[in-house]
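Have a look at the structure below before the remarks.
The values are calculated or read from the model by the stated rules, or taken from the named source; none is laboratory data. Because the structure is predicted, anything quoted here is derived from the model rather than measured. Ideal geometry is used to build each Cβ from the backbone, glycine not excepted, and the neighbour counts take in all protein chains shown. Surface accessibility is based on the protein's heavy atoms, side chains included, excluding ligands, DNA and RNA. Shrake-Rupley method; radii C 1.70, N 1.55, O 1.52, S 1.80 Å.
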Amino acid sequence: MKNRASSHFLVLFIIVVLTAIAHYSIYYGALIRGYETSWIMAFRNLGLLLFLAILPIFMGAIVKFKGNWTLYTTAVLMFSIGLTVQYRLFSDLEYASKNKKAQAREDKIKTQQLHYIQENYSAEKKQMMGLPASPPSPVDLDKETPRPAIETPLDVILSGRTIIPIFAIILMIGTFFACRDERVLQLLQKNGFLIVMLTLVLLIPAALTSHGGKSIGNMTPWELAKIPFLIGFAAVLAILYRKLMQTFWGIPRARDVLPLLVMAVMPFIPFILLKDFGQMLVFSSVYITLYLLAVRRFPQRIVFVGSVTFVLILITLSALPASVQVKVPLLSTLAQPIKSVLPPRISQRFHLWFDALNPPPPDTDFWKNDLADFYWKQYPSDLVERKPEAKPLMDELGKIDDIKNPDTATKNRIAEIRTELRKIAQTDILEMYAQTKDLDAANDDQPTSDEDEIGSKQEDAKQLRELKEKLDTLNQEAWFGDDALQASRATFGISSGGKTGRGLGLGYVELIPVADSDYIYAAIGEELGLFGGLLITFALITFVSAGIRTAMDARDMFCKLCATGLTAFIGFQALVNMGGITRALPMTGITLPFVSHGGFSLITSFIMLGMLMAFSHRNAIDASIDQATGKQQ
């Protein structure tokens, strides 16, 4: 496609039309299930896309944008798919509601049952069921009375799903104007270290006060940190890259590589505190890419790539589940020293990757706390029966847990009680596991004796078998009710989508937890099938290709590194997200750029787009100046 604003405007207009058709398909699918979707939300989404479709005309006329429009068009395509899936999910009360999920599910089931009866049951059967005795006939949705959408115009306007995209688009435009200016880029390059330090000062308190990987409500402010961290690393590398090429046996001098290592390690400090394996993986991939780009000597690249590959293989083998390691002789023994220092979250992700359908043993480090919490919350009577010391704590917690506005002392006491209950539950679980883990082997090794002893041992064995069955049931319920729930439902959803999908509004994506954010690719795969997944993949490949072209055309090393890093962040984050959902990689819990519903994630993606467009625009202006100078000469 020629890089003309009018050509891309046509493509963007087609995207808006197709998105409108997709929204109507979702509306029709909702009517089949007995409820209406919000037309206000639909108009909001189409309004955002229409503005983005018209924007190239204004930028071409006012700003005289000369860069590569492919970056912009593919980003809008991915954004439109994300808006469509979010419209599908947040229109369904079973997904969007906090307190009415069960009622919404029951209403949908009842509507579909009545539709089936009307289309397939004879008049006699209907009369026996107390329904009007009418012959089988197709359902006329125009005569149905669907449950109305509950969103008001004010709700939609003040929603984060409206404010955040608008804010992201404004920041994209502002970033584009700022990064066109040579003075701004020089300021960023000269103060790279200061920018990184200020980012750390702001980010570490947010990481320390985070809960469950979230801060500021349900947000992830560290997403924005990607940009200043990238600027700082690129600024240092742009200065040192020539010295780093002076090596001995492929290894650079310590005085040259030390500042770069310090700048590279800084971003990992908050992510280690957050135990965010996904962000660490993405940052590592981006920094490795930038280093390989800047340092062009072949021996140095061989040494670096070999060292990184060795470390990755070592960590991967050490993080494998025990059920996988035992299949390789001596692997469990050799991997134990490294496995003991790995964060529990990494071991959990690898277990979900390799053995998601089998829960880990109850004494597994990353699992025993979650299992204990599930035990005392879901089976309090069983815990009290086995551990009577838990009853006073349960009674006290029941009295103070319902206080609407507890003071600090009450909150602290609640936390203390929960911790004590977890310890008691964990102790009980480990005792049960110690008694039953060798049950089968013990029964085989027991010699027979007189009849009374045999009867006593049989009674003991029966009790132990019942205890083992109870523990196994508890372990499976906890595993598939929490850790493995997302992964298993996402896998089944993609599998059920097949090549063309169930159809927009006709799948069961509302059953996938966090389907609007981390697992949005699974929702796309279920309702749009392989076609929808390939569409996202094609858009990402096109975007990354355009980003690489922008980096190659950059005249100075700082802009080249920044453009490469921005493209790598988008590409690697998408790869890690899609790979985790399809189980090609461990699931890490990061979002899909431009597609996932997420506050700071979406804002960061659009800021990166604005920077890439500014670099592309600068490259085109430089090329046109060179061309004009060449003609004059």
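Assorted remarks:
- Value at 222 nm in deg cm²/dmol, rounded to 500, when DSSP H runs of n ≥ 4 in the chain each add -39,500 (n - 2.57): -24000 deg cm²/dmol
- Two-decimal ratio, the stretch 513-633, of alpha-carbon radius of gyration to 2.2 N^0.38 Å: 1.28
- Working note: Karplus 6.51/-1.76/1.60 with θ = phi - 60° gives the stretch 122-136 the couplings 6, 4, 5, 5, 5, 5, 5, 8, x, 9, x, 7, 10, x, x Hz, where Gly and Pro are set to x.
- For the stretch 57-151, the list of chymotrypsin sites (Phe, Trp or Tyr not before Pro) that fall in a loop by DSSP and count at most 12 other C-beta atoms within 10 angstrom is empty.
- Separation in nanometres of the label points that stand 7 Å from Cα toward Cβ, at Met129 and Tyr379: 3.9
- Label point distance in nm, Thr542-Ala628, each placed 7 Å from Cα along Cα→Cβ: 3.2
- Rounded FRET efficiency, nearest 0.05, which uses the C-beta distance separating Phe167 from Leu535 and R0 of 35 Å: 0.85
- Heavy-atom accessible area ranking, 1.4 Å probe, most first, across Arg44, Arg386, Arg161: Arg386, Arg161, Arg44
- Distance between the pseudo-spin-label points of Ile21 and Ile117 (7 Å out from Cα toward the beta carbon): 3.7 nm.
- Counting charges near Ala563 (Lys, Arg +1; Asp, Glu -1) among other residues having Cβ under 12 Å from its Cβ returns a value of +2.
- Solvent-accessible area, 1.4 Å probe, carbon plus sulfur percent, for the stretch 368-429: 47
- Gain on full stretching of the segment that runs from Arg296 to Lys423 - 0.36 nm per residue minus C-alpha separation: 40.2 nm
- In the assembled protein chains, Ser7 presents an accessible area of approximately 30 Å² (probe radius 1.4 Å).
- Added length on full extension, which subtracts the Cα-Cα distance from 0.36 nm per residue, Glu144 to Asn99: 13.6 nm
- Here's the list of aspartates and glutamates a cross-link from Lys100 could span, going by alpha-carbon distance under 17 Å and ignoring same-chain residues fewer than 8 apart: Glu36, Asp92, Glu151, Glu510.
- The chain - accessible surface per residue (Å², probe 1.4 Å): 51
- Neighbours of Pro321 by Cβ distance under 11 Å: Lys/Arg scored +1, Asp/Glu scored -1, total +2.
- The chain - Kirkwood radius from inverse mean 1/r over Cα pairs (Å): 28.3
- Contact order normalised by residue count of the chain, Cα under 8 Å, 6+ apart, percent: 22
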